[in-house]
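The structure appears right after this line, and notes come after that.
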Amino acid sequence: MTGSADGLDALLDQAVRLREAGHREEARVRLLVLRERFPDDARVAYQTAWVHDALGLEAEAVPHYVSALAGPGLAEDDRRGALLGLGSTYRTLGRHAEAVATLTEATAAFPDDNALKTFLAMALYDVGRAHDGMRLLLTVLARTSADPDIVAYRKAIEYYTQDLDAREDTA
């Protein structure tokens, strides 16, 4: 991180290191202070959301994720992480439609991210779109698995992602 007003970058780095070292509550306290001092800083909002999620305080994480994603200031990897965090947090909280909307936006923005697709598949299941979720998971599996048993059936798996109800002609 580069230098910033009032040493924000150094303070943010310290809080992140605390979280990474397992001192999550101390990191949370520091990040909440930083949020008060720098309410418009997307990086601070994202890290505050993350630590709340890590502590199992999902409902408290949501407004920080929303704030982090509301404007500019996040690096692409952090934006991806914030979208995944918000989507999965909505899902955990039973806010399934919001989870689908957030994760759909995320997969459109980051189409190669298979973690996002996996969380979207779970959210689709939650809203009664199991077919769509299964199709998405099978696509991820077929494209990413190195398991020899999956590789041997990759073409068949890919075929069924197009029509899960298709049956092989037995005549």
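The values are calculated or read from the model by the stated rules, or taken from the named source; none is laboratory data. Everything numeric in this text was worked out from a predicted model, so none of it was measured. Here Cβ is always computed from backbone atoms with ideal geometry, including for glycine, and neighbour counts include all displayed protein chains.
Among residues of the range 14-25 being part of a helix (DSSP H, G or I) and aliphatic (A, V, I, L, M), the one that is nearest to ALA75 (Cα to Cα) is VAL16. Checking each residue of the range 6-20 against the condition of being polar (S, T, N, Q), touching a residue at least 12 places away in the same chain (Cβ under 8 Å) and closer than 22 Å to THR92 by Cα gives no match.
Would you pick out the residues in the range 100-119 that are more than 9 Å from the chain's Cα centre (by Cα) and aromatic (Phe, Trp, Tyr)? Within the range 100-119, just PHE110 meets the criteria. Identification of helices (runs of 4 or more DSSP H) wholly contained in the range 26-100 with 2 or more residues that are in contact (Cβ under 8 Å) with a residue 12 or more places away in the chain, under 20 Å from ASN114 (Cβ atoms) and not β-branched (Val, Ile, Thr) yields 76-92. Whenever a residue of the range 142-154 is in the same structural domain as ASP112 (by TED's automatic domain parsing), its partners that are charged (D, E, K, R), lying with C-beta atoms within less than 7 angstrom and at least six residues away or across chains, give the pairs ALA142/ARG154; ALA142/GLU158. Screening THR107, THR170, THR144 for residues that are loosely packed, with under 14 Cβ neighbours inside 10 Å, out of contact with any strand residue (DSSP E or B) (no Cβ under 6 Å at 6 or more places or on another chain), of a type in the set (S, T, N, Q) and modelled with pLDDT of 95 or more leaves exactly one candidate, THR144.
Here is a yes/no grid of residues against (1) outside any helix (DSSP H, G or I); (2) farther than 20 Å from ARG79 by Cα; (3) of a type in the set (Phe, Trp, Tyr):
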site: ALA106; (1), (2), (3): no, no, no
site: ALA115; (1), (2), (3): no, no, no
site: LEU120; (1), (2), (3): no, no, no
site: MET134; (1), (2), (3): no, yes, no
site: THR139; (1), (2), (3): no, yes, no
site: ARG143; (1), (2), (3): no, yes, no
site: VAL151; (1), (2), (3): no, yes, no
site: LEU164; (1), (2), (3): yes, yes, no
